[in-house]
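Quick notes on the structure that follows.
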Amino acid sequence: MNSEKKIETAASAGKRKKPITAQDLMNAAVKLLDSHRSVSSLSLREIARAAGIAPNSFYRHFRDVDDLAVALIDQAGRSLRGVIREARQRLSLERSAIRTSVEAFMEQLDAEQKTLHILLREMSIGSPAFRQAVDRELRYFEDELCEELTRMAKVTGHATYEPALASKAITRLVFTMGAAAADLPPEERGQIIDETVVMIKMIMEGAQSLAKRSAKK
């Protein structure tokens, strides 16, 4: 009899759900998002319900929804930077780094993880704390692009005037254009991609021209 109980207990333990992780809660929050909702509009109770836990269990991982939202923004930024890096590594001779990066960025509008949507929404309608978190992620993009522009200047001999400012202008431009393309179907984003590529080239050519003028003084 005791052995039967032990077997039954072991079987029940095997069926028991795994403990909910912070990532599970973040995934549950993302699933609740749609084209009209930002992370900041979610309630603790609906996130807990979506994750299949009691509301009190939420506090084992996050102080509140704001804390979860900032963690999501940080994760979204890291994920998007990884996508852009991978896109640059797949460059071919026929495609420019600018177009490849812009297309990879726009493709994230349709990604299942909703990475780009999280950044775009919290940048425009989130609370001050969320906007600060987004701004921090944008600065990461700017810093990486600045390093890339500095490296390319050494390789090509074409210096960029104030590379940090040029990187900021390009990053903010791409995110703004991404917001404009967010509600469009993929087949209608071609014009926005083309315009974004041209505007980035204008920024780059202007920055390189200013660098040449500065060098002559």
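The values are calculated or read from the model by the stated rules, or taken from the named source; none is laboratory data. Please read all numbers here as calculations on a predicted model, not as lab measurements. We place every Cβ from the backbone using ideal geometry, glycine too, and count neighbours over all the protein chains shown. Remember, those area values only see protein heavy atoms, side chains included, never the ligands or the DNA or RNA. Shrake-Rupley method; radii C 1.70, N 1.55, O 1.52, S 1.80 Å.
Taking a ≥ b ≥ c as the square roots of the eigenvalues of the Cα gyration tensor, region 76-153 is classed as oblate, since a/c reaches at least 1.5 and a/b does not exceed b/c. For region 127-217, the square roots of the Cα gyration tensor eigenvalues, ordered a ≥ b ≥ c, give a/c of at least 1.5 with a/b no greater than b/c, which places it in the oblate category. Averaged over its residues, region 38-163 has an accessible area of 54 Å² per residue, based on protein heavy atoms and a 1.4 Å probe. The translational diffusion coefficient of region 169-217, from Stokes-Einstein at 37 °C and 0.692 mPa s with a Kirkwood hydrodynamic radius over alpha carbon pairs, comes to 270 µm²/s.
Pick out, in residue order, every one of the trypsin sites (Lys or Arg not before Pro) in region 53-85 that is DSSP loop and has at most 15 other C-beta atoms within 10 Å; say none if there are none. Passing sites in region 53-85 are 63. Shown here for region 108-147: GluC sites (Glu not before Pro) in loop regions (DSSP other than H, G, I, E, B) with at most 11 other Cβ atoms within 10 Å, namely 112.
Extension gain, residue 99 to residue 135, is 10.6 nm, computed as 0.36 nm per intervening residue step minus the present C-alpha separation. What's the FRET efficiency of residue 195 with residue 111 using the Cβ-Cβ distance as r and R₀ = 30 Å, to the nearest 0.05? The value I calculate is 0.85.
The helix-only estimate of mean residue ellipticity at 222 nm for the chain, built from DSSP H runs of length n ≥ 4 each weighted as -39500 (n - 2.57), is -24000 deg cm²/dmol after division by the residue total. Against the main long axis of the alpha-carbon atoms of the chain, helix 22-32 sits at an angle near 80°. The calculated FRET efficiency for the pair residue 213 and residue 165, based on their C-beta separation and a Förster distance of 22 Å, comes to about 0.90. What a 1.4 Å probe finds exposed on the chain is 53% carbon and sulfur by accessible area, rounded to a whole percent. Past the 22 Å Cα-Cα mark, which pairs from 168/212; 154/216; 154/201; 168/216; 168/201? Pairs exceeding 22 Å: 168/216.
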